[in-house]
Every structure is written in structure tokens, then in C-alpha cells.
Amino acid sequence: MLEFDQVNVSMAGVQVLRRVSFRLAPGATGALIGHNGAGKTTTVRTIMGFTEATGDVRLAGESIAKTPAHLRPGLGVGYAPEDRRLFSAFTVEENVLLPARVGRLSAAETKRRLDRAYDVMPELKELAARPAGSVSGGQGKMVALGRALMLGTKLVILDEPFQGLAPVLAQRYADALKRLRAHDPDITLLITESNPKLLAAFADTTLTIERGEIEQHAAAAA
Amino acid sequence: MDSTIFILALLDGVSYAALVFLVSVGLSLIFSVLRIVNVAHGSLYAYGAYVAATLSLAVAPISPWLTFPALLVASVAVGVVVGGVMERFLLRPVYGREDVLQLLITFAVFMIMDNLQRLIWGVQPIFASTPLKLLPNVSVLGVSYTSYQVILLPAVALLTVLGLRYFLRHTLAGAVILAVTEDREAATAIGVDARRVFLVTFMIGASLAALGGALASPTTSLVPGMGADMIVLSFAVAATAGLGQIEGAAVTALMIGIARAFVIYLQPEFEVLVPYLIMVLVLLIRPMGLFGVDKVRKI
Amino acid sequence: MSAPLLQARGLEIRFGGVVAADGVDLDVIEGENLAIIGPNGAGKTTFLNISTGYLKPLAGTVTFLGQDITRLPPRAITRLGIARAFQIPQLFLEQTVMENMMIAAAARSGETSGWRRLLDRPEREEMLRLLDSVGVAAFAERRAHELPEGQRKLVDIALALALKPRLLLMDEPTSGVASSEKMGVMDILVAALAREKVSSVFVEHDMDMVERYAHRVAVWSSGRIQTVGPPAQVLGDPEVRQRVIGI
Amino acid sequence: MQAPAQTSGSGLRLAIVLGLVALAAIVPILLPSWATLITLVAAKGVVVLGVIILLQAGQVSFGHAMYFAVGAYAVAFWGRHMGPGDLILYLLLGSAAATLFGAVIGLFVVRYREIFFGMLNLAFSMVLWSLLEKLYHYTNGADGIRVVRPTIAGIAFQPETFQYALLYVTLVIAVVASYVAQRYLDSPLGHMLRAIKSNETRLEYLGVSARRVLLIGYVLSAFLCGLGGALVAVAQQIATPEFGYWTKSGEFVFIAILGGSSSALGAFAGSAVFEIVRFYAAAKLANTWQLILGVVLIAIIMFAPNGLVGILNRNRRNAEARR
Amino acid sequence: MKGALRPALGAAALALALTAAPAFAQDKPAQIKIGITTFLSGPASVFGVPGKAAAEMIAEDINKKGGIGGVPVALTFVDEGAGGEALVSNYRRMVQDEKVDATFAAISSGSCTQLVPIAEDLKVMNFMWDCGAASILEARKHRYNFRTQANATPEMLAVLVYLLKTKPDFKTIAVVNQDYAWGRESWEIFSTALKAMKPDVKVVAELFPKFGAPDFSTEISRLMALKPDVVLTTSWGGDLDTLVRQAGQRGLLQQTTFVLGIGESSMQRLGADLPEGLIVGARGDHWFLHPERKNDAAFKAFNDAFKAKTGAWPIYPVYHMYQAFSALQASYDKAIKANGGKWPTREQVIDAAGGTEFQTWGRPVTLRADDNQGLEAQIVGVTKSAPGYDFKVLDNMMVFDAKPITTPGGQKSIEWLKTLTPDFAKMNVPTFKHGQ
């Protein structure tokens, strides 16, 4: 589903990603593990088209390296950035629906996807009318995931989703991911995390990143 | 006399504030989305006025009532064409570079537009007051006002506040603008073409400045240099309100407009000083402006 | 056990409804290395922010060497002898590493000359040694922004050490440093702290590091200090293991 | 004022500077009207030097013409009330008045950064400008106050020779001011000032008051602006409110960027290009001088980014977007 | 400082030696070069651009007739609107590099304040061709600077006397002037004289809106509430147009007697927006329908040529420009004559200029030898519709002789005005109806 081929990224004269190559099959759950500053966020930002990268990035076999950033979500990529980054001018539901409106999805399709998000995270429904600026950190993560799910039909990228979550909330978040996986067995997930132990039970593919170099370990299950 | 002065100054202040608001809200909108202080904003105001005057002089012989749509057409035309060219070809290439460079580009555009304006429309004052004359005068406490100034202008300003509010809150285009304002990258990540939003926002902001000029054109003589003072005045309003604050700009424009009117009645010497004095005092107490929000940096 | 160097009492702070600290009491004892562990986002960094004056608590006090520093700005607290290293390195990116260090040296000596050249100051050798001790002397003439993240992190610590503090607060000191080098860096760092008689507090996620370098461990969770004690005891507690280490 | 420039090639740079100064000194002997032009270029270069100092801290003032005006008016008021003076007295007066103003206003503005810093400076300068315009009975309003030709070190010059004497004094001042500014930026205070741009938080965590550091830089920049203002007032023989209008402030920032805000040489190169383009465009193409200047400036920003060394920090916007 | 000065002195001396070698034998030059400062940008270009058009037209005419003393004139223009530094630099360039023989500077009194001392320094003959501030020439005696038209004192005094003669009973007055030197100084002159000649008049409002203000609504509201008998304004250009139109739209022009101190230059632009019955000054003794000159074929030819060239009838800066050329011609002619027909040196021309009388499109003007002020008559009238014109023209025109209304040589205007008495307004002045 997702493929990196010899990707290099430099920022302000410093090489952040070095000849990165890896691939995630459809239905794979990839854990991108590395420390702060190792290049995790740069990797996902490269998928989203926010960096100037050389090399090729492919989605479902098609190269997206030259696709403008704003057209990539429409290809089926959902992205829940680090730090939530909700739009505080809107309610929770408006936040979740905005990608569908921007993508000009039909009413029926929008409804279907919204229902999927609510199925995966029932707690979102209760928050629907709350201003996005007023939800707690953990709730915000859920909203960000819900928003990512609206367009993420092929690939959903979660950047540090567990960071800052109290254990109880982290558990709920993990449960939501499991429901998503059950609901949508073919979707590819890419999750970044700094604690290697956290995703061990969850991921079937582990990508460890260190100093901009990625090493892929196919987990036994894959 | 006291209550008379109060009412008269209020009326004068409101009609003045209406024009200043239109210009400064455009400036504020552009800043909030693009993070650019557009020094050429006053030139857009001037061009709005000149094009509106040219257009209404052309259509007035057909029917004087056509001058009203002419004002609107002129502002949109200026906003879209001049604003569009400016954003697309001059500002876009320098995004991502030092902020001051964008500011200086707009400063250069200000100089160029000021000069071109002279070459296009000449230096003689131009006056196109048909719309002003079509509407009747109203008398308040024995003082005659044009309803254009004390009714139409404030009404347009009010409509603009409400319209912008509605646009930003209840339309997709508005939602997209708000999203880009808050977080450009997160917006891109949900499929928003931020570059187009920049362009459209700049055009809207530029159109608002041009609308201010177009609406001012029936009441004033169009002369070279008319834009330069408007820029600083709208800076003052936008900064005092807090950059990016739409309703705030309306309230601040009113405050400055009314304060200025009172000063003309009571102590005319300090008329020019008023907006800047208010600006200094407000910024000293609240650096983010009256309605602005402070942000703490994460470390 | 001597009197606490830093003493926090009843700290409370909230961010938009999220309680980061809710009645936190914590002492730092002279000469120790205190590790703070806890789930992400629990408020560990907030403690460093409050202790250095970057954030003001809603309630509670922090005293350092018997002086109330709760309302002091970071620079005043720094001058009293608390230095800080950051999770995201905070460097002067456009200046060279040596210039970064010399600014710290000048700041330490209270130098305010507008005439004498910074690089002509006498502390050059000392700063070079300090850089060498954390393994980044080779980068002295490079501009800070050219350094890889891990090296920046080390310069960040060196900058704090250059101030010769009584207490050093560190936020994940070796995150970003290659794991093969982590222990080596910490060995040097801890030795330097002991040699210079600098006490330290460090926020850490890596339990191996905590076990190896901390004298005491404080567990921060849900806005409170759940436990404080020697590493062996704290990390052996099954509840702590469940709360902090696993999901 | 980058470190490499000072360690490598400093001999070459010295040679260039000496060459330019010599050129500036000799050309006017052949072209008399250039005496005043070069005096203005050098005097404004001193002002731009002040603006550049603040740019090192990442702060853009859109009100620094106010110190330029204060320097000029200090001289003008002295001439008006105390009679003609000496150039040395004038320069002391102009720079001292601007320094004092800078210290007082600086106390307020150094609490602000970036757009707020720029705006507040603009607001203060507009207040000053309004007062200069409005207090007609003290300032002659928009017409300004004549500055009577001073003696120089007690010597009364004839008009023909005065312009040369003033030119050479100005050149000496420009060289000295550049050296002083350079030393300042290489000093701990100067480095701390530059540190404000890249990481004010760390500066505070080194125990340094960023406000104090910025205040010192601000006062120094006000001093340079006042000095330049006094020189321009003497060269022009007048001080007008126009000296303090916002477009003038914008012009100074413009010149700083034009020349490249990372070196003292840039201040004078920018000033020379700006004044000469304006001078010739106004002379030969009276109707289009602003147009030409605007186009030249856009072209330089777009196509000659290397001329803009030092203040270009492409990361900053990215960093901001990420926040 | 001291060390730095020594080489400076040396170089300056060298420069002096290179540049200041005066030529003694005067051959007829190839041309007489004239440097003219005028507004080509900024609001005052409403005067500057017609002024420039006039200069080109007049120079062409002079050259067609063989030039001055047989030498053709050549013009260089400098934009006053380019800002003080550019103006001074370019003025110096004209004088020092292009070596112009005379300069006409300037329109704004601000520019004059700046350039007059430079002209003295550079020893070049300068005609202050349009600026009105009386004080420049009253402050001290100048050798090289002359004013080729009247100054603010007679201009305002004529308007005031006209007002007193036509509306003797007014009790209250308000002023709306632009906030810069001209607006302030003209009011100071007017009010000082008014106080001396009619002390019972009360000044109810002194409004000085910003120069170039786009809107006078508040000022107009205040005036409408105050209801003064007379409103004076000496504004011009866009400011005056805006004021008149806004005041007219709201009925203020009908409610009170408006006096437009220098309104002549706006009449054509304002067209039908200018009502009848406003008192208008002309800044001198010129008006394209001048009652004493209108049958003069040359005058008509001049006006027609200007109208053909620019599309508008001449306004006062056009006549002022003519006066500057006329003064130049007269000075050269006089100097050539005094030099026995040989070409005069620059200093000889200067010597000749003092006291010269020259022809204008009104009554002759004299450059008073005491202080180099021009003595020019003044026309004041009242607006009136007239067949054949789509704008108002002047009616009931009074032509004031220059001498009685001009400050005597050696005196300061304000001091002199204080000595006037109510009888002053009783002076005898001929009145002309439009078309008669």
C-alpha cells in the first residue's frame, strides 16, 4: 500500500532522512519507532507532501512524489498529526466533517464515513457539539483520529497518538484502533511512537528509525 | 449644546468608522491568513476609488442608479485583478522566506502602484459624486447629513461584518479559510489547497480595501497620495483591535472614529494624533491588541 | 540526608481543563540525581517549567536554597544556580557552537561589554574542554543549526553546564542520542555532575537509564507524585510497572 | 558581521572599504553635486546601520525614522532658539537627543517582539510625526525648520567648501560608526542580541535579560539614527516632519535589506544604490522614479537573494507552521 | 575629529580651486539654461503640472521669437514631490553640474525654505515663482533670490478687504485651512488684519484638518451647528474640491458666506458643484477673463494656446510661470543694456534684476529693490454662472493695486498688519462686472 524508495530529506542543510526504503502491505499495521528527533515526524510529513524529498513515495503502487500535498488526502490518506491540531474555531463534529466537505464527498458517502468514525469511537458522538478548543488532550486525539478516518480509506497515519495519554485513555485509544482494524481489515495503519514496547503487541510490521535511517522488521504475524 | 455635540459627533464618527473599518478588516483578514502586513493595502483603497469613479462617470449618463453597482463592480475587479496578481506573482515566490521580505515586497508594490496611479489617472483631482447626490439628505438637530454617509456607509459596514461572519462560519470557503488561518499544514492534510486559500483570501482582503475606496469615492476628491494615509490609519485600527480580529476591527474603528469626531468638536488640534495615541496606549497595555489572543510558546 | 536543595510544595497547574499538577510536593536533595518518570504528558516537563519560572503555578511554592523562587523569572532563577537542559535543544542556531558556549560563559560572569570581542574572552579553553567532555568538541566551529539532533542535544547540556549550576534540570537528556552512545554520554555526564558537585533532576522514559543513574525516582502520574524512592524499590512496584511502563 | 567574514578575508574587506571611502572622497571633487549626494548616502548609511543592529535581533522597526527626525530636530531647535552652532555640538545634540528618546521609548518597546515590536514603533513614530506636523507654532509644521550652516570645529566655511568639509566629516563618522557597530556585534552584548533572534528562551535560561540586551541594542540604534539625522539635517539645511513619517522608516528597512543586513558595508551599499537610483530616476524620469525604485527593489528581493545574507532564515516559517 | 579635518580642508581647497574660477570675458552663450522645480507628483501637482506645461509653452514661444537677447532658453525640471533629499540633491545637480543660469524655485513654501538658502550659497539667480510665504524674504536680505509675484500678505489682505466691502456686517467667522505652513500663515495674516480692521468679529472655530484629508464631514457638521456668518478657507487642490463639494451637498455653502482665499485654481474642476455667491481670490492679478486685459489679442492668444495644449484655461500657476519668464527676460534685457549691449555676467544680471519692472498678463509687476519681494496687484471676485462656461466665473471683480496692500519694505508683515485701522478697508478699488 505504502512504499518508500530511496527517500532523502534535508532540512536547513541537515539530512534528516537518509536513503529510506520500506513498504507496508495493504492491511498492515506499521509501527514507526524512534526517539524524538530521529525522523519519525519527517517521515510522515514526507508522505503528506510537506517536505522536499528526493526518491519515490508510492501509494497503492502509484507514485505520489509529485502529487501536491493538498491532493494526497483525496487519494485515501488520513493523517492525525502530533499534538492533535484541531481547528478550534469549529465544533468537534465540524472538525470531523471538514475533510469530507473539502473533498466534496456526497452526502451519503459522508454519512457512511461519519458512521464508521462513530462506530470506531462511540465517545466522539457525545463530544460532537463541543467546541474543539475545549476538549481535553485525550479527547482531542480521538477527534484527530476521527478526522483522519474521513479521508483515510487506504492509509491512516497516526503521529505519536499515545503521547500524553493517561493509561486509561491510551487503552481506549488502542481499543478504537482494534475496532478500526476489525471494521476495515484492508486499511493500512502507520503509527509512530517513541516507546518500542508500547506498540509491540499491536503492530505487525516494525520500522525502527534512528538518525534518519529506517530498518524494517517484519513481525512474525505478517 | 453638549448633547447636540454628542449626537453629531457620534454620527460623524460612525460614518468615518465605516470606511476605515472596511479597509482595516481587509488588512486584518490578509494578515490572519497569510501573516503578511500588506503595506500596499492603501493603494488598493486608492485604486478602488479611482476605478469606481471612472466606472461611475462612464455609466452615470446611461442611468445614475447604475453608479451603485459600478462601485461594487469596481471593488471586486480591483480586488481580484490587482490583489490576484500581487499574491500570485509577487508574494507567492517569497513565502517561506524572512517575513520582512514579504513586507518589503508590499512596500515596493505600494511605491509602484502610487506611481502608476499618477500615470493612469493623472494628478488632477477626480470627483464622481453621483451616488452621493442620488440619496436624499437627512436633518439631525438642524444639521443636514447625506444619507449616503450616515446611513448607507454604516449599513454597508454592518453588512460586511455580518456577511464576513456568515461567510467564515457557515460556508465551506469560509471554513477552509479559518482552517488555514489556524493551521496551514493540518488544513493541507485534510485536502485543503492552502495556496488557493491564500490567493482567494488576498483577493477578498484586497476587494474590501477597494470597496472602502469605491464607497469613499463619491464623497471625496481622488488625488495622488490618497492611499498613504489610509494605510497607517488602517494599521492603527487593525493593530489596536488585534490583528485578525474582524468584529474587533469594527469595534475599534468605531472607537477611533468617534474619538476622532469628538476631538474635532472639542480640541481639533489633536485630530491626527488620536488614532496613534489610542494605538500606543492599547498596545502598551495589551500588546496583542484589544481583542487579540496571547500565545505561549512550547518548550 | 542533608536539607533539600529544591523544595516544591502543593504545586497546582491546569491547561485548559487538563490538570497537570494537583498538589505536588517534591524535594531535591543536595548531591543526588533524581529521576522523574511517568506517562507521557503527565506533567513532568511542567514541573521543570515551574521550577525554572517559565510557568507560574496556580498554587504552591518552590524554594531553592531556602529562597522562594515561585514568582521569579527564568533568568533570575538561573542566576541563583539552577540550569536547565531541554527536551528539544534550545540553541542559538545561527551562531557557532563555540559562540553559543562563550555566550553562556559571558552570561555566567555577568559580562556586559559592548566592545571586547566575545571570542577573545578567557573562557575559551574551558568551554572547549566542556564540549570535549560531552563529545562534541569537533563541532565547535560549526553553526549550531548544522548539527544533527543528537549533537545539538549534547551542546544543549553543555550550555547548561557552562553556567556551573548547583542544580541541573534535564528533560530526557539522551533522547535523540544514538542508543549505542547513550550510556557512554550518561557516564560522562553523571561523572561530571559528581565532580562539579551539581545535583540534578532528569525526566526520563528509559527505565534502564533510570535504574542505572538515578539515586531516587519520583513517579508522576495524574498530576500527583505517586511514589518516591530508590530505583530498585520504585521500579519493582508492580503498580508502577503497570502505570508507567506498560499500557 | 558573520563570524567567517571576520576571520577570513578581513584584509580584502579592509581594502574594499578603504577603496570605497577613497572613491567617495575623490569623486565629488570632479562632480561637485555628488558631494552632497555622497554625504547623504553616508549619513543615511549610518542610520541604516542602526536599523541593521535591530535586524540582528530579528526585530524590524517600522518607526525608526522617529530617531532620525529627533536627531534632525534637535539640531534645528538649537539653531532656531540658540543661534548657529558648531557641527560637533550639533552631532552631539542630535545623537544625545535620539539616545535619550530611544532609552525612554525603548523601555516600553523592548517588551515586544516581531509584528508587535514593529507596530509599536510605528505607533510611537506616528505620534511624533503628528506632533511635529501639528505643533505649528513650535515646529513650523510641515515646512519644517531651517538649519543654519554650522561652523566645523570653530572654522566658518564658505558654502562651496562647506559641502566638502561636511562630506569628509561624514565619511569619517561613517567609518568610525561602522567599526563601533562591528565591535559591538562581535562583543558579548552583540552576540546576545543576535541570540534574541534565534532563541530568546535559551538566553533567559542563561540568566541574561533579553529585554536589557535588546534595550542596549535599541538605544545604540537610536543613537546611530539620531547621528545620521543630525548629519542629514545639516546637509539638507532643514528638518521637516517628513523625516519622521512612516514611509521614511520603511525606506530605512528597505535600504537595509537591499544592501544585505548582515554587514556594515551593506548599509552603505544599500544607501548608495537607493539614493543614486532615486537621484537619477527623479532627474531623468521625473514621472516614474517611484516605479523604477519599486521594480528595482522587487527584482533584488526576488532574484538576488544572495545579497540578502544574514537575515534569511528559511526555517523560521516552517518552524512556525509546525507550531 | 581634528585629524579627520585636515585632509578634508585640503580637498575642499582643491575643489574650490577647480570649480570656482570665474570667467571674465563673457561670450554669448549657446543657451540660457533654466532649472525649474515644480510638483510633478503629490497633491500639489494640480499646480505643478499646469506650471510645467506653461513653462514649456512659454519657452517655445520665446525661442521662436529669437530667445532672450538673442539666446534661446533651455529648461530642466525637478520634481518637488520627490521628497526633500531628492529635491535638494537635484537642485544642486542642476546648478553645479548642469550649470543652469537661473532657477525658478519653487511652488511650496516648504521647498522655498529649503532651496532659497542653497541658491544663496551657490550664487545662482532664483525666482520664487509661486511660493507665497512672506516671511522668507522678510527674515533677511537676499542677493540671489527674488519673488516674481505677490506674497501671502497682499493676497489675504485683498480677500479680506473685499469681504469687508461686500459683507460689512458679519459678526462671526470660522476658518477651515489645511494644516501646513500656507494654511497657518494665511490665517495668521487674515486674522491679524481682521482684528485690526474689525475688532468686534468673533472667531468661532479654527479648524486645521490634515493636509490631504479625504473627508471633512465632521468639520462640516461642526460648522453647521455653529452657524458662523463667514467661513474662510485658503485650501486648494483636492482638499478644497472635497470641502466645497461636501459642504455644498449638505447645504453649508448656502447657509453661510464662503470665502475661498485662493479658489481660482479650483473653479474649472468644480464646475457646477460650485454655487454662486462665493468670494474667490486669485493669488494675484491674473484671471483668464481679466477685465483689463481680456480684449488684448496677445492675452487671448496665450490663453487659447494653453487651453489647446492642456484642455483647460490657465490657472494662477500658469500666470506665475509666465511672470517668472517675463522677469527673466526683463532682467537680462536690462543687464545687456547696462553692459553696453555686451553679454552680461551672472552677477550683472543679478544686479539688474533688483528693481526691475516687467509685463505680465495683468498690471506690471516690480521686483522691489529693498527686499526682492514682487509687487503685484490682486483680483478678488464672487462666483457667478455665465453663458458659454460650464463652470462658474468671477463677477464683481475688484483689482487691488499692489502698493497699498503690500507690506512696506523692511517691515515684518504681522507687525505691519497690526497697525492697520478700520479705515483701511475704505480704500478705493474699481469693480468690474463679468463681461463688461
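The values are calculated or read from the model by the stated rules, or taken from the named source; none is laboratory data. Fair warning: this is a prediction, and the values are worked out from it, not measured in the lab. Positions of Cβ are generated from backbone atoms using ideal geometry, with glycine treated the same way; all protein chains shown enter the neighbour counts. For accessibility, only protein heavy atoms count, side chains too; no ligands or nucleic acids. Shrake-Rupley method; radii C 1.70, N 1.55, O 1.52, S 1.80 Å.
Under 5 Å between amide H atoms, partner at least 5 residues away or on a different chain: which partners does residue C:21 have, H built in plane at 1.01 Å?
It is C:13, by chain and number.
In whole angstrom, and with the biggest value first, how far do the Cα coordinates of segment D:139-267 range along each principal axis?
Largest first, segment D:139-267 extends 57, 31, 27 Å along its Cα principal axes.
Can you give the log10 of the normalised intensity I(q)/I(0) at q = 0.14 Å⁻¹, computed with Debye over equal Cα scatterers of segment E:117-267?
Computed log10 I(q)/I(0) values: -0.71.
Calculate the radius of gyration of the Cα atoms of segment C:108-247 to one decimal place, then report Dmax, the largest Cα-Cα distance, as a whole number, both in Å.
In Å, with Rg to one decimal and Dmax whole: 17.9, 61.
Just give the residues from segment E:227-265 buried by at least 20 square angstrom of accessible area in the all-chains context relative to the isolated chain, probe 1.4 Å, and say none if nothing qualifies.
Listed in order, they are E:238, E:242, E:245, E:246, E:249, E:250.
I'd like the accessible area for residue E:239, computed on protein heavy atoms only with a 1.4 Å probe and all protein chains in place. Round to 10 Å², please.
Its heavy atoms expose roughly 10 Å² to the probe.
Could you compute how fast chain E diffuses translationally, taking Rh as the Kirkwood radius over C-alpha pairs and applying Stokes-Einstein at 10 °C with viscosity 1.306 mPa s? Give it in µm² per second.
Working: Rh = 22.6 Å.
The Stokes-Einstein estimate is 70 µm²/s.
Based on DSSP, what percent of beta bridges with both residues in the protein assembly as shown are antiparallel, to the nearest 5? Could you put the intermediate results ahead of the total?
Numbers: 68 of 133 bridges.
If we restrict to bridges inside the protein assembly as shown, about 50 percent are antiparallel.
For segment D:2-322, what size does the Cα cloud have along each of its three principal axes, sorted from largest down, in whole Å?
Largest first, segment D:2-322 extends 60, 43, 40 Å along its Cα principal axes.
For the pairing of chain B with chain A, what total accessible surface becomes buried, with a 1.4 angstrom probe, in square angstrom to the nearest 100?
The B and A chains share an interface burying roughly 1900 Å².
Rounded to the nearest whole Å², what accessible area per residue is found for segment D:2-322 with the 1.4 Å probe? Don't skip to the answer; put the middle values down first.
Details: 9770 Å² over 321 residues.
Dividing the accessible area of segment D:2-322 by its residue count gives 30 Å².
Using only the Cα atoms of segment C:179-247, construct the convex hull and provide its projected area averaged over every direction, in square nanometres to one decimal. Each step should come with its number before you reach the end.
Values: hull surface 20.7 nm².
So the Cα hull casts an average projection of 5.2 nm².
Considering amide H positions built from the backbone, and no H for Pro or chain starts, which residues 5 or more places from residue C:69, or on another chain, come under 5 Å of its amide H?
Those lying under 5 Å, H to H, from residue C:69 are C:62, C:63, C:64.
Considering every Cα-Cα pair within segment D:79-216, what fraction, in whole percent, is farther apart than 20 Å? Can you show the working numbers first?
On the way: 6116 of 9453 pairs.
Counting every Cα pair in segment D:79-216, those more than 20 Å apart make up 65 percent.
Could you please tell me the mean projected area of the C-alpha convex hull for segment E:228-305, averaged over all directions and given in square nanometres to one decimal? Please list the in-between numbers first.
Details: hull surface 23.2 nm².
So the Cα hull casts an average projection of 5.8 nm².
Using a 1.4 Å probe, what is the accessible area per residue for segment B:132-224, in Å²? Can you show the working numbers first?
Working: 3100 Å² over 93 residues.
Per-residue value: 33 Å².
For segment A:24-68, list whatever residues lose no less than 40 Å² of accessible surface once every protein chain is in place, relative to that chain by itself, with the probe at 1.4 Å.
The answer is A:35, A:36, A:45, A:50.
If one takes the accessible area of chain D alone plus chain B alone and subtracts that of the pair, with a 1.4 Å probe, what total in Å², rounded to the nearest 100, results?
Values: alone 15950 and 14640 Å², together 25850 Å².
Interface area, both chains combined: 4700 Å², rounded to the nearest 100.
If each DSSP helix of 4+ residues adds -39,500 (n - 2.57) and the sum is divided by the residues in the protein assembly as shown, what number results at 222 nm, nearest 500 deg cm²/dmol?
Values: 56 runs with 783 residues, N = 1527.
Theoretical 222 nm ellipticity from helices: -16500 deg cm²/dmol.
Find the percent of Cα-Cα distances in segment B:209-256 that exceed 19 Å, and round it to a whole number.
Numbers: 347 of 1128 pairs.
When every Cα pair of segment B:209-256 is considered, 31 percent fall beyond 19 Å.
Working with all protein chains in place, sort C:215, D:191, A:70 by solvent-accessible area computed with a 1.4 Å probe, largest first. Spell out each step's value before the answer.
Working: C:215 100, D:191 5, A:70 45 Å².
From most accessible down to least: C:215, A:70, D:191.
Is any helix in chain D, taking whole DSSP H runs, at least 18 angstrom long along its axis by alpha carbon and on average at least 0.5 on the Kyte-Doolittle scale, and which ones? Intermediate results must be reported in sequence, preceding the final value.
On the way: long enough: D:10-30 (30 Å, 2.30); D:33-56 (34 Å, 1.98); D:65-82 (25 Å, 0.82); D:87-109 (32 Å, 2.30); D:114-134 (30 Å, 1.16); D:159-186 (40 Å, 0.83); D:210-236 (38 Å, 1.56); D:246-259 (20 Å, 0.99); D:264-284 (30 Å, 1.09); D:289-303 (21 Å, 2.63).
In chain D, the long hydrophobic H runs are D:10-30, D:33-56, D:65-82, D:87-109, D:114-134, D:159-186, D:210-236, D:246-259, D:264-284, D:289-303.
How are the Cα pair distances of segment A:110-185 distributed, in percent, across 10 Å bins from 0?
Answer for segment A:110-185: a P(r) of 19, 57, 23, 1 percent.
As a test of the definition: which semi-axes, in Å, follow for the protein assembly as shown when you take the square root of five times each eigenvalue of its alpha carbon gyration tensor? Largest first, please.
69, 38, 27
Taking only protein heavy atoms and a 1.4 Å probe, what accessible area per residue, in Å², does chain E have with all protein chains in place? If you can, show how the numbers build up before the last one.
Numbers: 14250 Å² over 436 residues.
Roughly 33 Å² per residue, with all protein chains present.
I need the P(r) histogram for segment A:1-100: all alpha carbon pairs, bin width 10 Å from 0 out to the longest distance, whole percents.
13, 44, 32, 11, 0
As a test question: what accessible area, to the nearest 10 Å², does residue D:39 have when a 1.4 Å probe is rolled over all protein chains in place?
Rounded to the nearest 10, that gives 0 Å².
With a 1.4 Å probe on protein heavy atoms only, tell me which residues of segment A:175-199 lose at least 40 Å² of accessible surface in the complex relative to the chain by itself.
A:198
Tell me which residues come under 5 Å, amide H to amide H, from residue D:63 once H is placed; ignore anything under 5 positions away on its chain.
Answer set, sorted by chain and number: D:122.
Cα atoms only, segment C:1-93: Rg and Dmax in Å?
Just the Cα atoms of segment C:1-93 yield Rg and Dmax of 13.2, 42 Å.
From the residues D:203, B:124, E:341, which one has its Cα farthest along the dipole of the protein assembly as shown in the positive direction, the dipole being from +1 and -1 charges on Cβ of Lys/Arg and Asp/Glu about the Cα centre?
Farthest towards the positive end: E:341.
Take peptides A:124-137, C:158-171 and line them up by average Cβ neighbours within 10 Å, highest first, as a rough protection proxy.
Per-residue mean Cβ counts within 10 Å order the peptides as C:158-171, A:124-137.
Working only with C-alpha atoms, what are the Rg and Dmax values of chain A, expressed in angstrom?
For chain A, the Cα radius of gyration and maximum Cα-Cα distance read 16.6, 47 Å.
Measure off, as a whole percent, the carbon and sulfur share of the 1.4 Å-probe accessible area of the protein assembly as shown, all protein chains present. Present the calculation step by step, with values, prior to reporting the outcome.
Values: 31080 of 52380 Å².
Reported share for carbon and sulfur atoms: 59 percent.
Could you state how much accessible area is buried at the A-C interface, both sides summed, with a 1.4 Å probe, in Å² to the nearest 100? List each step's numbers first, then the result.
On the way: alone 10820 and 11880 Å², together 21100 Å².
Between A and C, the summed buried area is about 1600 Å².
Mind listing P(r) for segment B:160-299? All alpha-carbon pairs, 10 Å bins, whole percents.
10, 31, 35, 18, 5, 1
Roughly how much of residue E:427 is accessible, in Å² to the nearest 10, using a 1.4 Å probe?
40
So if I take the alpha carbon set of segment E:73-133, get Rg, then get Rh from the Kirkwood formula, what is the Rg over Rh ratio? Spell out each step's value before the answer.
Details: Rg = 10.4 Å, Rh = 11.4 Å.
A ratio of 0.91.
Please report, to two decimal places, log10 I(q)/I(0) for segment B:3-285 at q = 0.06, 0.09, 0.13, 0.16 Å⁻¹ as given by the Debye formula with identical point scatterers on the Cα atoms and no solvent.
With no solvent term, the Cα-only Debye profile gives -0.18, -0.42, -0.87, -1.29.
Answer with one residue from E:321, E:226, E:244: the one whose Cα lies farthest towards the positive end of the charge dipole of segment E:226-378, charges on Cβ with Lys, Arg +1 and Asp, Glu -1.
E:321
For the full complex of protein chains and a 1.4 angstrom probe, list A:213, C:125 by accessible area with the highest value first.
Working: A:213 95, C:125 115 Å².
The ordering from most to least exposed comes out as C:125, A:213.
In the structure displayed, which of D:134/E:384; E:123/E:412; E:334/E:433; D:284/E:342; E:141/E:198; E:99/E:141 lie more than 30 Å apart, Cα to Cα? Write down the numbers at each step before the final one.
On the way: D:134/E:384 36 Å; E:123/E:412 25 Å; E:334/E:433 37 Å; D:284/E:342 34 Å; E:141/E:198 33 Å; E:99/E:141 24 Å.
Violating the 30 Å limit, Cα to Cα: D:134/E:384; E:334/E:433; D:284/E:342; E:141/E:198.
Averaging over all projection directions, find the projected area of the Cα convex hull of chain C and quote it in nm² with one decimal place.
Details: hull surface 55.2 nm².
Computing the convex hull of the Cα atoms and averaging its projections yields 13.8 nm².
Would you work out the Kirkwood radius for segment C:138-183? I mean one over the mean of 1/r across all pairs of different Cα atoms, in Å. Could the numbers behind the result be given before it?
Working: mean 1/r = 0.0864 Å⁻¹.
About 11.6 Å for segment C:138-183.
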